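Structure, as structure tokens:
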Amino acid sequence: MARRAEVVRETKETVVKASVNLDGVGDAKILCNIKYLTHMLNTLAHHSLIDISVEAEGDLTHHIVEDIAICLGTAIRRSLGEEPKIRRFGSASAPMDDALASAAVDLSGRSFCKVDLKITGLCVEDMVVEDIYHFIRSFAEHLNANIHLDVKYGENDHHKVEAAFKALALALRQAVEEDQRRKSVASVKGAL
């Protein structure tokens, strides 16, 4: 069964289309005018091995960031299917030069997000810091996932966030992986 989904969101503020293929090779096609977010989505796709396609336009950067996160989280959740026989959990650490980040993901069907990127500036490239946090939280909420993302240390804000996205990608790669030994969903309740 193909583990793919596409989500389109059209509002008075944005038009966003996102599609994913969980069994891809990490290809990314990102069309949005936020350069650092494009870089992070390319990073997420490449290291998770999830093919990600995003086309987004809108009035304000904040609205575009939020709606991409909504669509991407929703698309990954839908691509898992009704009773996914996946590993469910994933965790990873990733360095990026001076920075080290760790991520833990639980595709539990319940959203919770704890993020500490230790960013010291107001912006990273062309993104304000609050939009970076908002992207991750909105992504977790619409993926219906627990995401714990923590930068352990670092000096360069760009490197800190990139390390965090790499760790998130690696953890997500583990969590969405099909578990051939599993006879039912990865929950003692019998449902995620």
(request) In debye, nearest 20, what is the charge dipole magnitude of the stretch 52-151 about its Cα centre with +1 on Lys and Arg Cβ and -1 on Asp and Glu Cβ, if you could check? (result) 740
(request) Please work out the Kirkwood hydrodynamic radius for the stretch 1-107, using every pair of different C-alpha atoms, and report it in angstroms with one decimal place. (result) 14.7
(request) Rounded to whole Hz and in sequence order, give me ³J(HN,Hα) for the stretch 140-152 from the Karplus expression 6.51 cos²θ - 1.76 cosθ + 1.60, θ = phi - 60°, writing x for Gly and Pro. (result) 4, 4, 7, 7, 6, 10, 8, 10, 10, 10, 9, 8, 6
(request) Hey, can you grab everything whose amide H is under 5 Å from the amide H of I30? Only 5+ residues off in sequence or another chain; H modelled, so Pro and N-termini drop out. (result) V54
(request) Quick one: plug the Kirkwood hydrodynamic radius of the stretch 76-187 (C-alpha pairs) into Stokes-Einstein at 25 °C, 0.890 mPa s, and report D in µm²/s. (result) 171
(request) Subtracting the Cα-Cα distance from 0.36 nm times the residue separation, let me have the gained length for T11 to D97 in nm, one decimal. (result) 27.0 nm
(request) For D23 paired with E178, estimate the spin-label separation in nm (one decimal), with each label point 7 Å from Cα along the Cα-to-Cβ line. (result) 0.4
(message) Over the Cα atoms, compute the radius of gyration (one decimal) and Dmax (the largest Cα-Cα distance, rounded to a whole number) for the stretch 125-176, in Å.
(response) 11.5, 32
(request) Using θ = phi - 60° and the Karplus relation 6.51 cos²θ - 1.76 cosθ + 1.60, list the HN-Hα couplings for the stretch 121-127 in order, rounded to whole Hz, with x at every Gly or Pro. (result) x, 8, 9, 10, 6, 9, 10
(request) Run the numbers on the stretch 25-79 and let me know its relative contact order in percent, using alpha-carbon pairs under 8 Å that are six or more apart. (result) 35
(request) Would you please give the FRET efficiency between T120 and L60, computed as 1/(1 + (r/R0)^6) with r the Cβ-Cβ distance and R0 = 35 Å, to the nearest 0.05? (result) 0.90
(message) Suppose a student asked you for the relative contact order of the chain, using Cα pairs under 8 Å spaced at least 6 residues apart; what percent would you report?
(response) 26
(message) If the only charges are +1 at each Lys and Arg Cβ and -1 at each Asp and Glu Cβ, what is the size of the charge dipole of the chain around the Cα centre, to the nearest 20 debye?
(response) 1060
(message) Give me the one-decimal nm value for the distance between modelled label points at K35 and V128, 7 Å along each residue's Cα-to-Cβ direction.
(response) 2.0
(message) Above 24 Å lies some portion of the pair distances; for the chain, what is it as a whole percent of all C-alpha pairs?
(response) 34
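Values quoted throughout were computed directly from the atomic coordinates according to the rules given, and no laboratory measurement underlies them. On a predicted model such as this, the values are computed, not experimentally measured, just so you know. A quick note on method: Cβ atoms are made from the backbone with ideal geometry, for glycine too, and the neighbour counts reach across all protein chains shown.
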